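Heads up, the thing below is written out as structure tokens.
The values are calculated or read from the model by the stated rules, or taken from the named source; none is laboratory data. Quick caveat: nothing in here was measured; it's all calculated off a predicted structure. When we count neighbours, we look across all protein chains shown, and the Cβ atoms used for this are built from the backbone with ideal geometry, even at glycine. Please note that ligands, DNA and RNA were not included when accessible areas were found on the heavy atoms of the full protein model with its side chains. Shrake-Rupley method; radii C 1.70, N 1.55, O 1.52, S 1.80 Å.
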Amino acid sequence: MNQPDNSTPSSNSPTPNKGVTSRRQFIQAGALAATSFLIVPRHVLGGKGFIAPSDKLNIAGVGIGGKGFGDVNNSFNNGANNVSALCDVDWGLPRVKEIFGKFPNAKRYKDFREMLDKEGKNIDAVTVSTADHTHAVVAMAAMQRGKHVYVQKPMTHNIYEARMLTEAARKYKVVTQMGNQGSSNPQQKQMVEWFDKGLLGTVHTVHLWTNRPVWPQGIPVPQPASETPVDLDWDLWLGPAQKVGYTPAYHPFKWRGWWNFGAGALGDIGCHIMDVPFRVLGLGYPTEVETSVGAVFLKDWTPEYNPEGCPPSSRVELKFPSSSKNKSAVTMTWSDGGIRPFRPEMMPAGEPFPENGENGVFMIGDKGMIACGMYGDDPVFYSKNGQKQEAAPKPKSGPNGVALPENGHQVYWTEACKAGFGSKEHKALTSSFDFAGPLTESVLMGNLAIRSYMLRTQKSDGKGFNYPGRKQLTWDGKNMKITNFDEANQFVKREYRNGWSLNA
């Protein structure tokens, strides 16, 4: 098992790239002085496949019991890097136990703050794969210490946090990547090429859909359990969220359906699916948003009202202005809960929907359209005059002939971390925060509209309710503000629990 490289100098201040770059420069300078005119190739010193310790990234993983299990392993990249520290609030989860066993020399923590304080000098980069509500506080704390970060989608729990992390990445000059691995799918490049060649013409309509949620939503708030698992630090799991009692209806997976912790179907899949039109069309902030949501009836004529939880299904319409790439305004419609759009006119009757209709994208222009699945998989172009073109199959291996999991999304990030902020490797990343931040804000704009739609007040006669937020909302993206219904602005950010803050 690879030992952590502990030669990284301390990086408790926000000095950019203080870790891996300075260590490598020191070692290279020392080697040159010692050998004078003789430079020995690395493969001669170490043999075939040898990787010098100075070329390894020291990685810490926060949130390793779910998606983080893969994020850490893929960043480790079969020994190309070190796993120096591992952090999770629940050591009883099967995957946490498994990854502890795989990396026995990695220091173990439950509190990421303690880990960063004690292991800061031994860490170059951090993967953040916790529940949505703690993404921002973990990533910000790491970036403030000059650590590169890989953060699972959605990048943050709310719009304000996304803006703060985007700006912090530039301020602290760290390499960032969001975990929407489809953005590294080479088939997305094919769609960009089709559009740039003018095959679609000007795109005016986009449809996105998913079968999520695949966990309970639209249900009453669960009652706390009588006991909390012995290996779980529930207060740490809550982090900045409002304090509620533990229940297995929240942890380890079903938290997604509750606004206190998750971002519903949009937060889970939106960053994967919206990524495609965002990239192909060069979209920015939306200007308008409107929504409607499904309801659950447990009593005749009386819909359940559970504003603490995400709805069982929703439909969201976002309007984007024209961009430098696409000279038309775009109307984007999102549907979840298994509701999909109907077949576009340019798509022949016998053609199957992407992923059997469970998840997908339609981008419709005045000359043609593209259909693809989640992650941008298997795109097909249909022209107005009946032509069809399929993308080449995804390559089975990466650029060096080695199979890379999840399109190499984590591996490319680690290589960019080694190259440093502003390097060509960094600029080549497909979902650094400069891209992922505005994308996440647009995804979470749908949730802002949903929560506004669910606001209600008692009618003056006491008979029924008013729903003042059920309107088209106008958005000032630069200033992060709804301009025509001020009550909706409470959902731009959240109030953190005492003891937690997001200081950029």
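Hey, does the range 165-179 have a residue that's farther than 28 Å from ASP55 by Cα, at pLDDT 95 or above and part of a loop (DSSP other than H, G, I, E, B)? No, because not a single residue in the range 165-179 is farther than 28 Å from ASP55 by Cα, at pLDDT 95 or above and part of a loop (DSSP other than H, G, I, E, B). Residues that are out of contact with any Leu (no Cβ under 6 Å at 6 or more places or on another chain) and open to solvent by less than 70 Å² (accessible area, probe 1.4 Å) within the range 489-504 comprise ASN489, VAL492, ARG494, TYR496, ARG497, TRP500, SER501, LEU502, ALA504, listed in sequence order. For the criterion of being open to solvent by 20 Å² or more (accessible area, probe 1.4 Å), without any contact (Cβ under 8 Å) to a residue 40 or more places away in the chain and among the hydrophobic types (A, V, I, L, M, F, W, C), VAL214 passes. For the subset of the range 223-243 comprising residues that are in contact with a strand residue (DSSP E or B) (Cβ under 9 Å, 6 or more places away or on another chain) and farther than 24 Å from MET140 by Cα, which member is surrounded by the fewest Cβ atoms within 10 Å (Cβ to Cβ)? So, considering only residues that are in contact with a strand residue (DSSP E or B) (Cβ under 9 Å, 6 or more places away or on another chain) and farther than 24 Å from MET140 by Cα, the one surrounded by the fewest Cβ atoms within 10 Å (Cβ to Cβ) is ASP231. The residues listed here are LEU455, LEU473, LEU439; of these, the one that is in contact (Cβ under 8 Å) with a residue 60 or more places away in the chain and under 23 Å from the mean Cα position of the chain (by Cα) is LEU439.
For the range 295-309, the set of residues classified as open to solvent by less than 50 Å² (accessible area, probe 1.4 Å) and over 22 Å from LYS463 (Cα atoms) consists of GLY309 only.
In summary, THR457 fulfils each of the numbered conditions (1) closer than 30 Å to PHE76 by Cα; (2) among the polar types (S, T, N, Q); (3) at pLDDT 95 or above with the single exception of condition (1). Take the conditions open to solvent by less than 50 Å² (accessible area, probe 1.4 Å) and in contact with a strand residue (DSSP E or B) (Cβ under 8 Å, 6 or more places away or on another chain) and apply them to THR474. Does it pass? So THR474 fits the description; yes. Among the residues of the range 394-446, the ones that are polar (S, T, N, Q) and more than 23 Å from PRO154 (Cα to Cα) come to 3 in all.
Please go through the range 127-136 and give me each residue that is touching a Leu at 6+ places or on another chain (Cβ under 7 Å) and open to solvent by 10 Å² or more (accessible area, probe 1.4 Å), ordered by number. Those that are touching a Leu at 6+ places or on another chain (Cβ under 7 Å) and open to solvent by 10 Å² or more (accessible area, probe 1.4 Å): none in the range 127-136.
The residue list LYS153, LYS147, LYS173 contains one member that is closer than 27 Å to GLY294 by Cα and either open to solvent by less than 20 Å² (accessible area, probe 1.4 Å) or among the charged types (D, E, K, R) (or both), which is LYS153.
Let's see how each residue does on (1) aromatic (Phe, Trp, Tyr); (2) modelled with pLDDT under 95:
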residue: GLN242; (1), (2): no, no
residue: PHE253; (1), (2): yes, yes
residue: ILE269; (1), (2): no, no
residue: TYR285; (1), (2): yes, no
residue: GLU308; (1), (2): no, no
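Given the structure, is GLY262 in contact with an Asp or Glu (Cβ under 6 Å, 6 or more places away or on another chain), modelled with pLDDT of 95 or more and crowded, with 16+ Cβ neighbours inside 10 Å? So GLY262 fits the description; yes. Give me the residue from the range 410-429 that is in contact with a Phe, Trp or Tyr (Cβ under 8 Å, 6 or more places away or on another chain) and buried (at least 22 other Cβ atoms within 10 Å of the Cβ) and, out of that set, farthest from LYS171 (Cα to Cα). Checked the range 410-429; the qualifying residue farthest from LYS171 (Cα to Cα) is GLN410.
Pairing residues of the range 78-105 that are more than 22 Å from THR414 (Cα to Cα) and open to solvent by 70 Å² or more (accessible area, probe 1.4 Å) with residues that are of a type outside the set (Lys, Arg) and assigned to a helix (DSSP H, G or I), at Cβ distances under 9 Å and at least 6 apart in sequence or on separate chains, gives TRP91/PHE100; ARG95/GLY68; ARG95/PHE69; GLU98/PHE69.
Per-residue answers, yes or no, for (1) in contact with a Cys (Cβ under 8 Å, 6 or more places away or on another chain); (2) at pLDDT below 95; (3) not aromatic (Phe, Trp, Tyr):
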position	(1), (2), (3)
ASN74	no, no, yes
ASP111	yes, no, yes
GLU114	no, no, yes
ASP117	no, no, yes
GLY120	no, yes, yes
VAL137	no, no, yes
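PHE278 meets the stated requirement of being among the hydrophobic types (A, V, I, L, M, F, W, C) and open to solvent by less than 40 Å² (accessible area, probe 1.4 Å).
Those strands (runs of 3 or more DSSP E) of the range 363-475 in which 2 or more residues are hydrophobic (A, V, I, L, M, F, W, C) occupy 368-372, 380-383.
For the range 197-222, give me each residue that is part of a loop (DSSP other than H, G, I, E, B) and within 30 Å of MET347 (Cα to Cα). Once the filter is applied, which keeps residues that are part of a loop (DSSP other than H, G, I, E, B) and within 30 Å of MET347 (Cα to Cα), the range 197-222 yields LYS197, GLY198, LEU199, LEU200, GLY201, THR202, THR210, ASN211, ARG212, PRO213, VAL214.
Taking the residues in the range 319-371 that are under 23 Å from the mean Cα position of the chain (by Cα), among the small types (Gly, Ala, Ser) and over 22 Å from LYS388 (Cα atoms) as candidates, determine which candidate is least open to solvent (accessible area, probe 1.4 Å). Only one residue fits best here, namely SER335. Do we have GLY350 as free of Cβ contacts under 8 Å to residues at least 24 places away in the same chain, outside any strand (DSSP E or B) and touching a helix residue (DSSP H, G or I) at 6+ places or on another chain (Cβ under 9 Å) here? No, not satisfied. Of the candidates ILE64, ILE99, the single residue that is part of a loop (DSSP other than H, G, I, E, B), β-branched (Val, Ile, Thr), within 25 Å of ALA141 (Cα to Cα) and at pLDDT 50 or above is ILE64.
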